[in-house]
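Quick notes on the structure that follows.
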């Protein structure tokens, strides 16, 4: 069946496109949801109007999303979680946690717009990208504390024994280098001192 799309459908087409789909898909979903109309001669004449209206709606939506992105930019969310002595969380901070915290600040977004490679599993401060639309991206800051109020990861110090061994190795190498530099000139001097023995008449 040939239909005219009135909304963009992923991998199918854009508003105003004439496409062929299965009869059941058109009758049971696309047409009842007003996502498409039948490609009749009369409707084919409406294509330009459909495209113009869809573009106007897209621009209006982009304007709203850009305003939301500006509101999000620079927002700082703070979470407290139980953590071990190295700052690794026993739980995590997920997309849902971020969406819920934003909602408490009267900012509503879908969890699919929160870009996290994986849930946050340690204390600290990171920037989290928010992808609102193809042309609209922004970021927020997330700071995670442990139950004692710490958010900076502890710097792991190198064991003292390892440091001492390293210093000892460097000292030995320096002494060897000094010894070699001292011995080489002495050898050259001894060679220069030798004189030829003259024959007795």
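Read the figures in this text as sums done on the coordinates, not as results from a lab. As the structure is a prediction and not an experimental result, all values here were calculated from the model. In this analysis, Cβ positions are derived from the backbone assuming ideal geometry, glycine residues included, and neighbour counts consider all displayed protein chains.
Going by average Cβ neighbours within 10 Å, how do the peptides 62-75, 2-15 rank, with the highest at the top?
Values: 62-75: 14.4, 2-15: 16.1.
The most tightly packed comes first, giving 2-15, 62-75.
Stretched out straight at 0.36 nm per residue, the stretch from residue 46 to residue 117 would grow longer than its current Cα-Cα span by 21.2 nm. Per residue, the convex hull spanned by the Cα atoms of the range 71-145 amounts to 81 cubic angstrom. Note on residue 150 and residue 29: their simple-model spin labels are 5.2 nm apart, each label 7 Å out from Cα toward Cβ. Please report how far the C-alpha centroid of the range 4-77 lies from that of the range 104-119, rounded to the nearest whole angstrom. Here the answer is 24 Å between Cα centres.
Ordering of 146-152, 50-56 by packing is 50-56, 146-152, highest average first (other Cβ atoms within 10 Å, averaged per residue). Taking every Cα-Cα distance in the range 2-68 and sorting them into 5 Å bins starting at zero, the pair-distance distribution P(r) comes out as 4, 18, 26, 22, 14, 9, 5, 2, 0 percent.
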